[in-house]
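The values are calculated or read from the model by the stated rules, or taken from the named source; none is laboratory data. These numbers come from a predicted model, not from an experiment. Ideal geometry is used to build each Cβ from the backbone, glycine not excepted, and the neighbour counts take in all protein chains shown. For the accessible areas, the whole protein counts, side chains as well, though only heavy atoms, and no ligand, DNA or RNA atoms are used. Shrake-Rupley method; radii C 1.70, N 1.55, O 1.52, S 1.80 Å.
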Amino acid sequence: MENSLANENSKTHELCVLLAAFNGAEYIEIQMDSILQQENVNVHLFVRDDGSKDGTVDILEMYANTHMNVKIIRDTLSGGSAGRNFYQLLLAVNDYSKFDYVAFADQDDLWHKNKIKISIDAIEMEAGDACSANYNAFWSADHVRYVDKSQAVKEYDYIFESASIGCTYVFKSFLADSFRKLLIDKPGIYDEVFHHDWLFYAFVRSQRLKWVFVKRPLVEYRQHAGNETGVNIGLRALLFRLQKIRSGWYMEQVRAVANAIGCVQLLELTGIEKIKFTIKNFFELRRKFTHSIVIAFIFLLT
């Protein structure tokens, strides 16, 4: 048994990386280099550009011309958001079975060189199916903030939040094929669920599969004015989240996620049944204790 595990850990895995790009010329070379230099894996990098106007495509073509393992996804569709860009990229790769693992990548971050190795080791050591990791949010070399997203799973957290930022996700390839089928079967998801990483986490957890959390930070998550979704730290981020709750956007997203994965009946509870459910699961709605309390009250009032 020990020899079998050792052989598995020493295997060079085939990794599919899905990178969604849009006007990322300033940072995308650094990110792509950090992906291509990953340890102990054979990287196959698929990049979809969503109509960049800043030279991003020229950079991508340069990499595709000099790296046989870099492929540009070319189409005439317009995503319009990072989530839609990822959905269309997921659909564009027809068959994930030739890979062992799949990972999401943003265009402007920096992967630690052992990010994939540590993630795969964690999945295999814990007999898991997918994982996410902690990360360092950084604005400059002197302004870095460690972000812990490794709290233990709760019974219903996946309906109300993502696991972490999507660029930390690594998962077994059969999940990419299964998720792709969901996108084909329910094309309205593109317009309804804004965050692909939240939906993917919910999809995996709703299948009763095992999600593993890596406590080590494995990504330098760049913060800049062009971030579509930045790190949730500080007063500005708090006010932004409160605005989303007050506007109804957050609970609309919760309902869209639940509907996509077939769990909408939970949100259709009313009256005494809704109160009983909330009391019973007061601390099971999100992974952080304080967040779960807040969401419980929001759930009751909507």
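Things to note:
- Computed log₁₀ I(q)/I(0) - Debye formula, equal Cα scatterers, no solvent, the range 50-168, q 0.14, 0.17 Å⁻¹: -0.85, -1.22
- Residue-averaged 222 nm ellipticity for the chain, from DSSP H runs of 4+ at -39500 (n - 2.57), nearest 500: -13000 deg cm²/dmol
- Too-long pairs where the Cα-Cα distance tops 32 Å, listed order kept, from K53/K244; K154/K186; K113/K149; K11/K215; K53/K154: K53/K154
- Take the range 6-66 with all the other protein chains still there, run a 1.4 Å probe, and you get 45 Å² of accessible area per residue.
- Label-point separation in nm, V294 to K98, each point 7 Å along Cα→Cβ: 4.5
- The phi-based Karplus calculation (6.51 cos²θ - 1.76 cosθ + 1.60; θ = phi - 60°) puts the 3J(HN,Hα) values of the range 29-41 at 5, 4, 5, 5, 4, 5, 6, 5, 9, 5, 7, 6, 9 Hz, whole numbers, x for Gly and Pro.
- Taking a sphere under 9 Å around the Cβ of S34 and counting the other residues whose Cβ falls inside, with K and R at +1 and D and E at -1, yields a net charge of -1.
- For the range 139-214, the fraction of alpha-carbon pairs in successive 5 Å shells from zero, as %: 3, 13, 24, 23, 17, 9, 6, 4, 1, 0
- Atom-type composition of the exposed protein surface of the chain places 54 percent of the accessible area on carbon and sulfur (1.4 angstrom probe).
- Given (i) 20.6; (ii) 22.7; (iii) 20.1, the label whose value is Kirkwood radius over Cα pairs in Å derived from this model: (iii)
- Net charge of neighbours whose Cβ lies under 12 Å from the Cβ of S162, counting Lys and Arg as +1 and Asp and Glu as -1: +1
- In this rough spin-label picture, where each label sits 7 Å from Cα along the Cβ direction, the H143-R208 distance is 4.8 nm.
- Neighbour net charge for F297 - beta-carbon separation under 13 angstrom, K R +1, D E -1: +2
- Per residue accessible area in Å² of the range 134-220, where ligands, DNA and RNA are left out and the probe is 1.4 Å: 41
- Annotation: amide H-H contacts under 5 Å for R287 (H modelled 1.01 Å from N, sequence separation of 5 or more, or interchain): none.
- Long-range Cα-Cα pairs in the range 22-98 (distance over 16 Å), rounded percent: 53
- With a cut-off of 11 Å on the backbone N, the residues of the range 193-223 near the modelled label site 7 Å out from L267 along Cα-Cβ are 193-194.
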